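Just below is one structure, and these are the notes that go with it.
The values are calculated or read from the model by the stated rules, or taken from the named source; none is laboratory data. Model, not experiment: these values are computed from the prediction. FYI the Cβ positions are ideal-geometry reconstructions off the backbone, even for glycines, and counts take in every protein chain you see. Please note that ligands, DNA and RNA were not included when accessible areas were found on the heavy atoms of the full protein model with its side chains. Shrake-Rupley method; radii C 1.70, N 1.55, O 1.52, S 1.80 Å.
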Amino acid sequence: MSKLDRRMFVKATMACTAAGLLPMSAEAQSLQKIRYLTPFGFIFGFSEALYGRTGGFFAKEGLDVEIEGGRGSAMAVQQVTAGNTLISRTGGTDLIKAYAKDPSIIAVGECYQKDIFHVISLADKPIKRPEDMAGKTIGIVSTGGATENLLDMMLVSKGVPVADVRREVVGNAPPAFEFIKLGRIDAFIATNDTLFSLQSDKQPVSSFSVDEFAPSPGQVYMVSKRALDAQAETIAKFMRGCYAAIGDMIAKRADLAPVIASMTSEFDIVEAKRPDKGVTVLANAVTQTFEPVYRDKFASKEGPWVSAVDLMVKAKIVPPLDPKSLYNDSARKLAFG
């Protein structure tokens with residue numbers, strides 16, 4: 001093909017695109033762009049959205065979802081309230097604390113039905129209940145964040161003075177377990193994925209879910225009330241895309257390697273760097289995290305909200321609030337009926 005022929009071909013292609021004669025391009029351009037922010041980075045615990053994008057499930061709902069890795073609940077709230085992000089995901093206690101300061105946000109669905117955090121200690125020196133923490137040093141993810149709030153909630157649930165427990169920031173990753181072995185801390189609070197990684201690596205851990213003493217909503221989808229009023233159908237489409245992605249992961253649980261390959265083609269996922277490429281971690285997340293919410297279609301239960309507000313008030317984290325003001329089921333019902 002000569003240079004002149006190539007120029008004519010390019011011009012013709014551009015003209016067809018502008019005229020809408022190339023259906024695939026036109027379809028791509030017709031997708032509605034929205035932005036979603038994870039709570040912190042990219043992990044398999046957020047696969048419903050990551051795979052929702054890379055697996056094409058959002059596109060089937062007419063959405064082009066830009067996904068950004070967050071850096072904590074404060075950033076999530078700020079981005080949602082500012083209108084820079086349509087949807088984010090945060091812990092139930094994080095949302096309650098944020099709502100107490102700015103009631104313009106609302107939970108619209110529950111994407112994990114119990115709190116994701118566990119208290120992890122050494123099997124030879126186990127911390128099994130809040131009473132065991134008195135006089136001890138407990139590792140937390142961040143000062144003033146969800147894990148410190150949950151620690152205080154557990155303590156007040158059993159009448160343990162909050163001041164009797166020292167705190168040290170150790171982050172949320174398996175290497176924090178080394179601080180226990182070194183005697184710097186007695187236990188630390190981390191996510192279920194961190195616990196599963198330690199158990200998979202045969203580390204001598206003892207653990208319990210914070211939900212045993214401080215029942216709370218798990219992870220929730222958070223939007224602004226303004227966005228819910230204006231874009232309820234878009235939010236419903238987002239949830240349907242996540243739901244379809246979960247359904248596909250459940251169907252492929254016997255071989256999740258293609259699902260992981262899809263997600264890692266676009267996202268740098270921490271657990272995918274494990275020797276087994278993270279297959280066991282994702283399989284655990286599918287069973288423990290995603291199957292219950294798939295069954296209940298992101299429904300939110302009232303009991304954990306009531307419990308969490310009660311304990312947060314007792315711990316002086318928030319003033320008295322009406323638990324029913326914290327979540328709205330309308331977009332979820334629009335998505336699933």
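Across the stretch 213-230, rounded Karplus estimates of 3J(HN,Hα) from the backbone phi angles (6.51 cos²θ - 1.76 cosθ + 1.60, θ = phi - 60°) give 10, 9, x, 8, x, x, 9, 10, 7, 10, 9, 8, 4, 4, 5, 4, 5, 8 Hz, Gly and Pro being marked x.
Pairs of alpha-carbon atoms within less than 8 angstrom and 6+ residues apart define the contacts here; what relative contact order does the stretch 227-334 have, in percent? Don't skip to the end; give the middle numbers.
Details: 59 pairs, mean separation 36.5, N = 108.
RCO, the stretch 227-334: 34 percent.
Here the 3J(HN,Hα) profile of the stretch 115-127, calculated from phi with Karplus coefficients 6.51, -1.76 and 1.60 at θ = phi - 60°, is 4, 7, 9, 10, 8, 10, 9, 7, 4, 6, 9, x, 9 Hz, Gly and Pro shown as x. With 21 Å as the limit on Cα-Cα distance, the pairs of Lys97/Lys316; Lys158/Lys324; Lys60/Lys301; Lys114/Lys202; Lys237/Lys333; Lys252/Lys297 that go past it are Lys158/Lys324; Lys60/Lys301; Lys114/Lys202. Once backbone amide H atoms are built at 1.01 Å from N, Ile87 has Arg35, Leu37 as its partners under 5 Å, excluding neighbours fewer than 5 places away on the same chain. Close amide H partners of Glu168, meaning residues 5 or more places away or on another chain with modelled amide H under 5 Å apart, are Ile138, Gly139, Ile140.
In the elastic network of the chain, a GNM with C-alpha springs shorter than 10 Å, the most mobile of Ala76, Ala261, Ala107 is Ala261. Helical content alone sets the calculated 222 nm signal of the chain at -12500 deg cm²/dmol, taking -39,500 (n - 2.57) per DSSP H segment of four or more residues and averaging over every residue.
Amide H contacts for Leu122 (H built 1.01 Å from N in the peptide plane; partners 5 or more residues away or on another chain; cut-off under 5 Å): Ile127, Ser206. About the centre of its Cα atoms, the chain shows a dipole size close to 600 debye [charges on the beta carbon of Lys, Arg (+1) and Asp, Glu (-1) only; nearest 20 debye].
Dipole magnitude for the stretch 210-337: computed about the Cα centre from +1 point charges on Lys and Arg Cβ and -1 point charges on Asp and Glu Cβ, it is near 200 debye. Under a Gaussian network description of the chain, with springs only between Cα atoms under 10 Å, the residue in Val77, Val160, Val65 that fluctuates furthest is Val160.
Converting phi to 3J(HN,Hα) with the Karplus coefficients 6.51, -1.76 and 1.60 and the offset θ = phi - 60°, the stretch 172-179 yields 10, 7, x, x, 4, 4, 5, 5 Hz in sequence order, with x at every glycine or proline. Farthest towards the positive end of the charge dipole of the chain, among the residues Ile317, Val108, Ser209, is the Cα of Val108, using unit charges on the Cβ of Lys, Arg, Asp and Glu. Share of carbon and sulfur in the accessible area of the stretch 46-148 stands at 46%, probe radius 1.4 Å. As a ratio to 2.2 N^0.38 Å, the alpha-carbon radius of gyration computed for the stretch 118-241 takes the value 1.26.
Mean sequence separation of contacting Cα pairs (under 8 Å, at least six apart), scaled by the length of the chain, corresponds to a relative contact order of 26 percent.
What whole number of Å gives the distance from the Cα centroid of the stretch 132-149 to the Cα centroid of the stretch 237-267? What the calculation gives is 34 Å, centre to centre. Between Lys252 and Val270, the modelled label-to-label distance comes to 2.4 nm, taking each label 7 Å out from Cα in the direction of the beta carbon. Secondary structure note: in the chain, about 60% of the DSSP beta bridges are antiparallel.
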